[in-house]
Amino acid sequence: MKFKITRQDNPDTPSYVEEFEIPHRPNMNVISALMEIRRNPVNSKGEATTPVSWEMNCLEEVCGACSMIINGKPRQSCTALVDKLEQPITLEPMKTFPVVRDLSIDRSRMFDALKKVKAWIPIDGTYDLGPGPRMPETKRQWAYELSKCMTCGVCLEACPNVNSKSEFIGPAPLSQVRLFNAHPTGEMNKAERLNAIMDDGGLANCGNSQNCVQSCPKGIPLTTSIAALNRDTTFQSFKNFFGSDR
Amino acid sequence: MKGATIMAVGRDFAIRRLHSLLGVIPVGLFLVQHLVVNHFATGGAESFNKAAHFMESLPFRLVLETFVIYLPLLFHAVYGLYIAFQAKNNTTRYGYFRNWMFTLQRVSGVITLIFVAWHVWETRVQAAFGADVNFSMMEDILSNPFMVAFYLIGVLSTVFHFANGLWSFFVSWGLTVSPRSQRISTYVTLGVFIALSIVSVRTIFAFIQ
């Protein structure tokens, strides 16, 4: 099996492509192929080289750590089965993010964005507040879909408006705002989150290319979230401007 | 505290929403009106000149032009260029329909700006210098086959930019939220594109005899 891997030794050094050939085993995924290369780091010219660096954790497409560009599309390498991919298999890092080394990237900006939009429900206090309000089952069902986000970065990679010329935080943290605003307790801090995504680099930077919803490995309705937040922020901006007691 | 939350909101949001709004109201509405009035050309020189003269002799003309056309259009154009060149178009990797519309919206915006700038220079600015904007002026311009092509591309690109911009206006203001409503909106705005294309192409060919 042939692999063409875009490599980079340092965050600041230029990238280069190195080819590898490894024996085929049944049911291999891209990660087990990378492990095979790591076992014997020799490129297809027969030269000894450094093992390829990549990130992985859960190996079942729930952690989002092993995202990379495989044959041109960003996805998780754990669920990329080698037998279903065209040869040679090209692997590239998601360059929307800073490259740490080879296929490892730094997704810190996504976690910073989650902090910025307050993607949590503040319930800490000095005494027991008792049970919160109940959530209607129909709402719980679609909110659960939004909760599947694993901060993998694929939607940011696919978005034409997330790039070095823009501050756009990307679709993932926006959808989390809708998730936490949908929660009956989280709803109590709805305005704070909406104001956070109305700041520079927020919601308004979406250009509706809808690549995010096409690319999301978890099938999260990101563009529905964005449009729903567009509606919420329309009302929020009126409240901010004219004043409101609600 | 309330003031503080408002202050925390940056300028991007208001400017982007203003850009989206002005593209439809008033610039888009003016475009529709302009194309419809020009369609009088299909009824011959006299009917076009009568309509053009009526528009010219509207009271408060300069005030109307400034606030309905010049200022909103200038803002929409300048900020639109900023948006267009900020995007990193990626249709080769992601060849989805909406992504193509995203790219075409930016390409058509730039073509439209070039066309409109030339069109304003050739008609409104010349009128300010004393030229009479009438049927024979347009006939004269469109006697050149190169200009016919330029006008066809320019006008169709403008109509596309308006129709597709209308689609994203509905999303940006939260009017179409569900995938189904956005799909219906695609068909409706496609209808707008086809209808306005017919109106404007008929007008252009009415000047060519």
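Data overview
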| item | result |
| --- | --- |
| Output for region A:96-124, where each listed residue is among the acidic types (D, E) and surrounded by fewer than 17 Cβ atoms within 10 Å (Cβ to Cβ) | A:D106, A:D112, A:D124 |
| Residues satisfying the stated conditions in region A:186-205, i.e. in contact with a Lys or Arg (Cβ under 9 Å, 6 or more places away or on another chain), in a loop (DSSP other than H, G, I, E, B) and of a type outside the set (G, A, S) | A:D199, A:D200 |
| Unique residue being at negative phi and not aliphatic (A, V, I, L, M) when the list is B:G44, B:G23 | B:G23 |
| Segments classed as helices (runs of 4 or more DSSP H), wholly inside region B:1-63, with at least 2 members that are at pLDDT 95 or above and either within 14 Å of chain A (Cβ to nearest Cβ) or touching a strand residue (DSSP E or B) at 6+ places or on another chain (Cβ under 8 Å) (or both) | B:11-24 |
| Unique match (being touching a residue at least 24 places away in the same chain (Cβ under 8 Å) and either crowded, with 24+ Cβ neighbours inside 10 Å or acidic (D, E) (or both)) among A:S166, A:S175 | A:S175 |
| Some residue of region B:116-126 being assigned to a helix (DSSP H, G or I), out of contact with any His (no Cβ under 7 Å at 6 or more places or on another chain), within 14 Å of chain A (Cβ to nearest Cβ) and buried (at least 16 other Cβ atoms within 10 Å of the Cβ) | no |
| Leading residue by the ranking (farthest from the other protein chains (Cβ to nearest Cβ)) among those in region B:71-106 that are surrounded by 14 or more Cβ atoms within 10 Å (Cβ to Cβ) and either in contact with an Asp or Glu (Cβ under 6 Å, 6 or more places away or on another chain) or among the aromatic types (F, W, Y) (or both) | B:F75 |
| Single condition B:F169 does not satisfy, out of (1) within 14 Å of chain A (Cβ to nearest Cβ); (2) surrounded by fewer than 17 Cβ atoms within 10 Å (Cβ to Cβ) | (2) |
| Test for A:E192: is it more than 11 Å from chain B (Cβ to nearest Cβ), surrounded by fewer than 19 Cβ atoms within 10 Å (Cβ to Cβ) and not hydroxyl-bearing (S, T, Y) | no |
| A:E187 of a type in the set (D, E) and surrounded by fewer than 20 Cβ atoms within 10 Å (Cβ to Cβ) | yes |
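The values are calculated or read from the model by the stated rules, or taken from the named source; none is laboratory data. Keep in mind it's a predicted model, so treat the numbers as computed, not measured. Note: ideal-geometry Cβ built from the backbone for every residue, glycine included; neighbour counts use all protein chains shown.
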